[in-house]
Amino acid sequence: LIWQLNPAATSTTTTSNKHANKNNVVVPLRTFIQEVLKRSRTTYSTLQTALFYLFRSRPEINNYLTRMQQQQNNNNNWEYAYINCGRRMFLASLVVASKFVQDKTYRNSAWAKIAGLPVSEVNAAERIFLNMIDYRLYISQPKFEQWHHLLHMYVEAKTLNQPTNLHDLSTLPF
């Protein structure tokens, strides 16, 4: 389970429901990403595209979350719960990238099974994410090559334990 959106559905662990809650443990973000990528057999180009979409959506997501915090009315806002969940936004970007890049792709029911979510949540996350990026899926070849180069440099630096700065990736006009 990546995250429960309904806090009322979460119960405290007691002796009688200890086994029921073991299946509802929220895995760390890194583990979730690794498992989704492994189970979906995501290609490198699809992952690159998904990461590009995430960086493209970042300003809009940050603006939305800031507005909602200022309004302090996010308790009953289901859209806020999706946008505030990094796992759901990552999954949505991966689903959208897969559908854009691949000729043959999974249905949302398969993505739901991969992520351990109901199909309705995958559908909702995809729609919300597409709205966040204003349905701008196309990436020009020069922009994608620049993105590939920046991403490759970042990964190489991390591999060599050199300091990295994610802000370097933000220099690309998304």
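Points to keep in mind about this one:
- When +1 charges are put on Lys and Arg Cβ atoms and -1 charges on Asp and Glu Cβ atoms, the dipole computed for segment 35-174 relative to its Cα centre reaches about 360 debye.
- Proximal aspartates and glutamates to Lys158, defined as alpha-carbon separation beneath 18 angstrom and excluding residues fewer than eight positions away on the same chain: Asp168
- Set Lys113/Lys143; Lys99/Lys143; Lys38/Lys99 screened for pairs whose C-alpha atoms are more than 26 Å apart: Lys113/Lys143
- Extension gain, Asn161-Phe100: 0.36 nm per intervening residue step, less the Cα-Cα distance, totals 18.6 nm.
Here, each number is a calculation from the coordinates, and none is a lab measurement. Model, not experiment: these values are computed from the prediction. A quick note on method: Cβ atoms are made from the backbone with ideal geometry, for glycine too, and the neighbour counts reach across all protein chains shown.
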